[in-house]
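Undergrad: Handing you this structure, nothing more for now.
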Amino acid sequence: MTKNKLLRMSKVLSLVFGIFFQIYWYKILRKPQAEWDKLWGSFGARFRQTLFELEGLLIKLGQILSTRADLLPPSFISQIEDLTDKVPPSQWSEIEKILEKEWGNSLHQHFQSIEKTAIASASIGEVYKGVLQDGTEVAIKVKRPNIDSIVHTDFRILSIVFWLVDHLVPLPKGLMNFKVLFKEVKQVIVRELDYSKELNTILTFKERFKEMDIVQIPAVYAELSTSNVLVMEWVEGLRLTNNEAISQLPVGRQELAQRLLKVFLPQWMEPGTFHADPHPGNVLVSKEGKIILLDFGMVGELSKKD
């Protein structure tokens, strides 16, 4: 991961200015739609390559943009769709140091074994599979090395990028308040950096859905969890995008859709906390047809006045 602050900033600003220049140039030349589609596809490829190189908060930004087909062309979205689950993992030696620092002793005191290859890797953290001394399989979510410092740098970079977009990109007036957007993104990410908050959120959701047998939320091991490490029950699930596997479930697609609505519609309509990052990597289906909710780092709050 590129950690040098000036290098990170120069790479991002170079990408942004390059995109701005080409957009204005294409407007001047009045390029046909087919050429615009190719251009946005090339933008997406460059954007993806830069984000995979720099990682950090920029990956999170890319993940958010990958879900905004209402704002960005399909040719751009298609290039960044895999940002949700294909972020390169860290070296195990770095992860091991973090775990030993958090727990203050050897990993073997708590675990029979921990797989050294991440089974999931995202912008803020990575997940490893482990086996406790009693034989229980668990998922160990660990923050990326130096991620706090990197995110702090990226906030400064994004503030510049958002200012440039707000002042240089010819968007319709009132379409988006970039100052408010930046403030909200910062609040969400700062919360996501503290796994103790995510642990409390998981407990809140388990209580909220305790009477609903169509929902499965992993149990957490508070005694092994810190602000940088979160240990949870290991759960197996199918992606909603896995059409072949979904077709073999004991519940039909219509019933599955109804269950998803029962789980998410109240979250978005009623006061309280809601899961704000329900992409296919965070919402799975068990072999019994239960909706599995994962990754509660990004949540929102609806008040009565909303």
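The values are calculated or read from the model by the stated rules, or taken from the named source; none is laboratory data. Bear in mind the structure is a predicted one, so any value in this text is a computation, not a measurement. Cβ: placed from backbone, ideal geometry, glycine included. Neighbour counts: every protein chain shown. Each accessible area value is taken on the protein alone, full model and side chains, heavy atoms only, with ligands, DNA and RNA left out. Shrake-Rupley method; radii C 1.70, N 1.55, O 1.52, S 1.80 Å.
Undergrad: When the accessible area of region 88-200 is computed with all protein chains present and a 1.4 Å probe, what percentage of it is carbon and sulfur?
TA: Looking at region 88-200 in its full context, I get 54 percent from C and S.
Undergrad: In addition: Round to the nearest 0.05 the FRET efficiency obtained for Leu13 and Leu249 when R0 = 51 Å and r is the Cβ-Cβ distance.
TA: Rounded to the nearest 0.05, the efficiency is 0.60.
Undergrad: How far is helix 5-29 tilted, in degrees, relative to the longest principal axis of the Cα atoms in the chain, given as a value from 0 to 90 rounded to the nearest 10?
TA: Result, in degrees: 50.
Undergrad: Using label points projected 7 Å from each Cα along Cα→Cβ, tell me how many nm separate Leu265 and Lys116, to one decimal.
TA: With each label placed 7 Å out from Cα toward Cβ, I get 5.0 nm.
Undergrad: Further question: Note down the accessible area of His167, probe 1.4 Å, to the nearest 10 Å².
TA: 110
Undergrad: Skip the ligands, DNA and RNA, and give the accessible area per residue of region 120-277 with a 1.4 Å probe, whole Å².
TA: Per residue, region 120-277 has an accessible area of 53 Å².
Undergrad: Once the dipole of region 1-102 is set up with Lys and Arg at +1 and Asp and Glu at -1 on Cβ about the Cα centre, which of Pro89, Leu29, Ile59 lies farthest towards its positive end?
TA: Farthest towards the positive end: Leu29.
Undergrad: Tell me the angle of helix 33-54 to the major Cα principal axis of the chain, expressed in degrees between 0 and 90 and rounded to the nearest ten.
TA: 50
Undergrad: Given the chain, what whole percent of its Cα pairs are spread farther than 25 Å?
TA: 55
Undergrad: Here is a follow-up. Take the Cα gyration tensor of region 104-153, multiply each eigenvalue by 5, square-root it, and list the three semi-axes largest first, rounded to whole angstrom.
TA: Output for region 104-153: semi-axes of 25, 13, 7 Å.
Undergrad: From Cα coordinates alone, what are the radius of gyration and Dmax values for region 221-277 in angstrom?
TA: My reading of the Cα-based Rg and Dmax gives 15.7, 40 Å.
Undergrad: Also: What's log10 of I(q)/I(0) for region 158-306 at q = 0.15, 0.21 Å⁻¹, Debye sum over Cα points only, no solvent?
TA: -0.90, -1.28
Undergrad: Charges at C-beta only: +1 for Lys and Arg, -1 for Asp and Glu. How large is the resulting dipole of the chain about its Cα centre, in Debye rounded to 20?
TA: Here the size comes out at about 1340 debye.
Undergrad: How large is the dipole of region 1-95 about the Cα centre if only Lys and Arg carry +1 and Asp and Glu carry -1, each at its Cβ, rounded to the nearest 20 debye?
TA: For region 1-95, the charge dipole is close to 420 debye.
Undergrad: Report, to the nearest whole %, how much of the accessible area of region 1-84 belongs to carbon and sulfur atoms, 1.4 Å probe, protein only.
TA: Carbon and sulfur together cover 60 percent of it.
Undergrad: Longer than 32 Å from Cα to Cα, which of Lys183/Lys210; Lys129/Lys206; Lys101/Lys179 are they? Say none if no pair is.
TA: Lys183/Lys210; Lys101/Lys179
Undergrad: Pairing the Cα long axis of helix 178-192 with the longest principal axis of the chain, what angle in degrees results, from 0 to 90 and rounded to the nearest 10?
TA: So the inclination is approximately 20 degrees.
Undergrad: Run the accessible area of region 240-300 with a 1.4 Å probe and give the carbon-and-sulfur part as a rounded percent.
TA: It is 55 percent, rounded to a whole number.
Undergrad: Keeping every protein chain present and rolling a 1.4 Å probe, give me the accessible area per residue for region 1-88 in Å².
TA: Result: 55 Å² of accessible area for each residue.
Undergrad: Additional query: Assigning unit charges at the beta carbon (Lys, Arg +1; Asp, Glu -1) and nothing else, what dipole magnitude in debye, to the nearest 20, does region 48-118 show about its Cα centre?
TA: Rounded to the nearest 20 debye, it is 100 debye.
Undergrad: Would you list which aspartates and glutamates come within 19 Å of Lys197, measuring only between C-alpha atoms, while excluding same-chain residues fewer than 8 positions from it?
TA: Glu102, Glu126, Asp148, Glu184, Glu207, Glu223, Glu233, Asp277, Asp295, Glu301
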